[in-house]
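*Asks:* What follows is a structure written as structure tokens; I'll ask about it next.
The numbers here are math on the coordinates, done by the rules we state, and not lab data. Because the structure is predicted, anything quoted here is derived from the model rather than measured. Here the Cβ positions follow ideal geometry from the backbone for every residue, glycine too, while neighbour counts run over all protein chains shown.
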Amino acid sequence: MKKNVFSQERMDVAGFIKWVESLPGELAEHKTIGARAAVFSEWPDIGSKFIEALKKRGIENLYSHQAKSVSLGIQGRDFVIVTPTASGKTICYNIPVIHSIMKSPSSRAIYLFPTKALSQDQMSELHGLIEGMALDVRTHTYDGDTPGDVRTKVRKSGHIVITNPEMLHAGILPHHTKWKDLFENLKYVVIDELHTYKGIFGSHLAQILRRLLRICEFYGSNPSFICCSATIANPGELASELTGRAMELITENGAPACERHVLFYNPPIVNMQLGVRRSSLLESARMAIEAVANGIRTIVFSRSRINVELLLKYLQDAAARKRIPAETIAGYRGGYLPNERRAIERGLRDGDIQCVVSTNALELGVDIGSLELAILHGYPGSVASSWQQMGRAGRRADGGISAAVMVASSLQIDQFLAMNPSYFFGASPEHARINTSNPYIQIGHIKCSSFELPFSEGEKFGSDDATEALEYLARNDVLHKAEGRYFWQADSYPAASLSLRSATSENFVIHDVTDAASPKVIGQMDRRTAPTLIFPQAIYFHLGEPYQVQELDHEEMRCYVKKVEVDYYTDGDAAARIEVLDEMETDGLLGWGEVLLAVRPTIYKKIKLLTHENVGYGHIHLPEEQMHTTAFWIKLGDGALPEPGDSDDGKSNALHGLSNLVRSVAPLFLMCDRSDIIVKGHERDPHFLTPALFVADNVPGGIGLAEALFELGGELFRACLEAVSK
């Protein structure tokens, strides 16, 4: 631990925990998780040269889960390993892949990571191992930042291609003829951070892997899949749905861990009558600066870009007052340039940066050195993400201790967890849900796959019959059918227009027209999230700079913005209506099925950046957006709402309150963001002719959330009842 240069009296992590316990807020939970000793296993049969090289890198033995993974990998088995952060999962796939190349220099592998930062980090780790063994194993990242001359070398002679789903989708699969050596000799596909592939992103990846396996079959290869995941409730199921393979599951963890303290802190009440608590943002900043002032290396997580920037400003202002060097505190989020992010990661590893404030961009396993404290500004949205963020501190099992503090925000789900911490510690992590048959996503990838290779009549796409989709595309002159085969004939390049982060390819492109003579594109936003974020007079933030929306062109899907100087941001609201189209399954009052979801933006608030005061509002004049999706429902019965004779406001308020409660508690079970669902109550639903509450997937075609809630039965409402009772 570095010498403290900021204060006279040294406070270690244990002292910091005592300091938090002395604060005026409520310490809802302080759980101590004991240190864990390592469990080792015998070396697998990988050869003495390999073992000696690993020992030179300080790896004297393999942990039990590593040894089992390596053995399965060498045998060419498909498997998924699920262990906590800092448990050495990289070894689980690097050894089998390198062992295969040592035996057969023509062997090839693809490594898939969800972010460029992870790709860079893992390439560094892999290079160190390869150089330590003096092997001729050529590996490089292949993404948007890879120079053109390097791309050519990777295509021609790369043994291990490190990439991401976007590049595999748009840069590799459509050009498979240039990658002939890779696909003819592909032995392994590694998918790291498997738990991140949920919802729309995961549903897209499942289709991409179907395209990949079609191409592999064409070239005569049949790669094995090695998947690594943080702790979720259904890793085997998720891996099987993504890959289409039966996966062996490894869950035992042989890695050591230091003692860890997890604290839930609720800020103090400042208005007893209204139950208003002190700002969680300010409390998080207060804790972080106290830690930094005492030389405790800290990471602070927050849910939004705006909050990251605000926390960074608060910390830098406080650091100046305490004469702490400003360069020891940094922010980290999407929108920063790649070289800026690499510099921050390097500063964390080297110890030059003592505190970093981040969105979930640093939640994944990028090596950022040895941190001692993680502060979570609000619940990240899932138990799995929470443990990932807490696990970023205390990654070195050197006999020390680490701490994580979750500071509850004013959101209902945060307050629910503050009052019911057993739901966090007692419940198993959430299920990661994808929908491999979402028609909006699937047909886009069938188009991409037909561009790559013609389909034959009766051919399946993964496990699904593709006939209906192929015939539809042929009728609309996208494909040409001849002699029992379907050929791509459109002029467009399908992968280029298909976004992996949304269900459809309809994205608004955001143009900066501050300089009317030279407008430029600065971003894009999918149609699903756009209505309450970009509308005339809305404030749109890019790289920390505020822009005001000047105009929306719905036909061309363009949004024109101009840079402004304002001290507020906008928060839009929308009204929704739901119509039941088809009941898929019912059980008493519960059910789920296909629905029409219509959303119309209504009003927006102006919220001051520093104080979060509401300083005004306006109306949003945009057309209604409709989608076909899936929804879960509960029929409340005629006696569930205030009796006839009570005011209509009473009925409306009761449904509105229940909707807010369900919207807050449901993500605790679904491993989704609040924006992934729409909750709507009907005082008298026209389909059921009774009061009803709906929870709809806010994604065209649905991604499995409605069905998941139906499978949970009454568990969601028991949690809601417990929240109300407390």
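*Asks:* Quick one: Karplus J couplings for segment 293-310, per residue in order, coefficients 6.51, -1.76, 1.60, θ = phi - 60°, nearest Hz, x for Gly and Pro?
*Replies:* 4, 10, x, 8, 6, 10, 10, 10, 9, 9, 7, 10, 5, 4, 5, 4, 5, 5
*Asks:* While we're on this one: Towards the positive end of the charge dipole of the chain, with charges on Cβ (+1 Lys, Arg; -1 Asp, Glu), say which of Pro439, His175, Leu205 has the farthest Cα.
*Replies:* Of the options given, the answer is His175.
*Asks:* Compare the Cα positions of Gly637, Pro546, Thr152 along the charge dipole of the chain (+1 at Cβ of Lys, Arg; -1 at Cβ of Asp, Glu; about the Cα centre) and return the one farthest towards the positive end.
*Replies:* Thr152
*Asks:* List Arg321, Arg485, Arg305 from most exposed to least, where exposure is judged by having the fewest other Cβ atoms within 10 Å.
*Replies:* Numbers: Arg321 8, Arg485 15, Arg305 18.
In increasing order of surrounding Cβ atoms, one gets Arg321, Arg485, Arg305.
*Asks:* Have a look at Leu500, Thr251, Ser402 and report the one farthest towards the positive end of the charge dipole of the chain, computed about the Cα centre with Cβ charges (Lys/Arg +1, Asp/Glu -1).
*Replies:* My answer, from the dipole projection, is Ser402.
*Asks:* Hey, what do the phi angles of segment 507-512 turn into as Karplus ³J(HN,Hα) couplings, whole Hz, using 6.51/-1.76/1.60 and θ = phi - 60°, x for Gly and Pro?
*Replies:* Once rounded to whole Hz, the list reads 10, 6, 9, 9, 10, 8.
*Asks:* To the nearest 20 debye, what charge dipole does the chain have about its Cα centre, counting +1 at the Cβ of each Lys and Arg and -1 at the Cβ of each Asp and Glu? Mind showing how you got there, number by number?
*Replies:* Values: 74 positive and 89 negative charges, 524 e Å.
Charge dipole, the chain, about its Cα centre: 2520 debye, nearest 20.
*Asks:* Tell me which GluC sites (Glu not before Pro) from segment 588-640 have a DSSP coil assignment and no more than 15 other beta carbons within 10 Å of their own. Mind showing how you got there, number by number?
*Replies:* Numbers: sites: Glu594, Glu613, Glu624, Glu625; in loops: Glu613, Glu624.
Listed in order of number, the matching sites are Glu613, Glu624.
*Asks:* For Cα extents along the principal axes in Å, one of (1) 111, 67, 51; (2) 127, 63, 55; (3) 80, 79, 61 was computed from the structure I shared and the rest are decoys. Which label?
*Replies:* (3)
*Asks:* Further question on the same structure: For segment 615-623, just list the computed ³J(HN,Hα) in residue order, Karplus coefficients 6.51, -1.76 and 1.60, θ = phi - 60°, integers in Hz, with x standing in for Gly and Pro.
*Replies:* My calculation for segment 615-623 gives 10, x, 8, x, 9, 9, 10, 10, x Hz in order.
*Asks:* Using the Cα centre as the reference, give the magnitude of the dipole from point charges on the C-beta atoms of segment 40-250 (Lys, Arg: +1; Asp, Glu: -1; all else neutral), rounded to the nearest 20 debye. Can you show the working numbers first?
*Replies:* On the way: 23 positive and 21 negative charges, 103 e Å.
Magnitude of the dipole: close to 500 debye.
*Asks:* Of the listed pairs Lys153/Lys180; Lys520/Lys608; Lys562/Lys606; Lys49/Lys103; Lys178/Lys198, which have alpha-carbon separations greater than 19 Å here? Provide the component values of the computation, followed by the final result.
*Replies:* Values: Lys153/Lys180 13 Å; Lys520/Lys608 28 Å; Lys562/Lys606 17 Å; Lys49/Lys103 13 Å; Lys178/Lys198 31 Å.
Checking Cα-Cα distances, Lys520/Lys608; Lys178/Lys198 exceed 19 Å.
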